[in-house]
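Everything on this sheet refers to the single structure shown next.
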Amino acid sequence: MHNYLSNIPTIVECTGEEYQVLYVIEEQPTNIVGGCTYKEWKNKSKFQVEPIYILTQVYMMDILSYINEKSPLNEGDLINLQREIREHSLSILKHHLSSGSLSQI
């Protein structure tokens, strides 16, 4: 499986009760930005050890277009890329929360 997102710089921001994982590609004349929005699941059970984060929004069209421009994608690539977006963005969020390096807005 190809890692399309691993080399794209990320920023994690907190706005109220939402967390945004932003992907930013610095290109001239403007930056290419996409991201995923998460909310923490508040209804915890006594068996739940870790927080659960719900993916509520994905806005990666510009990033997907950029990736497709650099290396044309086929249908199989898009299916894998959808999974990679969910898994990669959640791992980035969890890493930032555990390290305490979250940007507050």
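Readers should treat all values here as calculations from the given coordinates under stated rules, not as data from a laboratory. The shown structure was predicted, so the numbers you read here are calculated from the model rather than taken from an experiment. Cβ atoms come from the backbone with ideal geometry, glycine included; neighbour counts cover every protein chain shown.
Worth a mention:
- When only the Cβ of Lys, Arg, Asp and Glu is charged (+1, +1, -1, -1), the dipole of the chain relative to its Cα centre reaches about 520 debye.
- Sparse-neighbour loop sites [trypsin sites (Lys or Arg not before Pro); region 35-105; at most 15 other C-beta within 10 Å; DSSP]: K42, K44, K46
- Listed residues S89, S71, S45, most fluctuating in the chain (Gaussian network, C-alpha, under 10 Å): S45
- Candidates N68, N43, N31, ranked by Gaussian network fluctuation over the chain, Cα under 10 Å, top entry: N43
- Divide the volume of the convex hull around the Cα atoms of the chain by the residue count and you get 125 Å³ per residue.
- Within region 1-30: backbone nitrogen closer than 20 Å to the W41 label point (7 Å, Cα to C-beta): 17-21
- Region 1-67: chymotrypsin sites (Phe, Trp or Tyr not before Pro) falling in loop per DSSP and having at most 11 other Cβ within 10 Å: W41, F47
- Nearest-ten-degree value, helix 61-70 long axis tilted from longest Cα axis of the chain: 40 degrees
- Range in the chain, longest, excluding exposed GluC sites (Glu not before Pro) [loop by DSSP; at most 10 other beta-carbon atoms within 10 Å]: 28-105
- Helix 75-99 vs. the chain, principal-axis angle (Cα, 0 to 90°, nearest 10): 40 degrees
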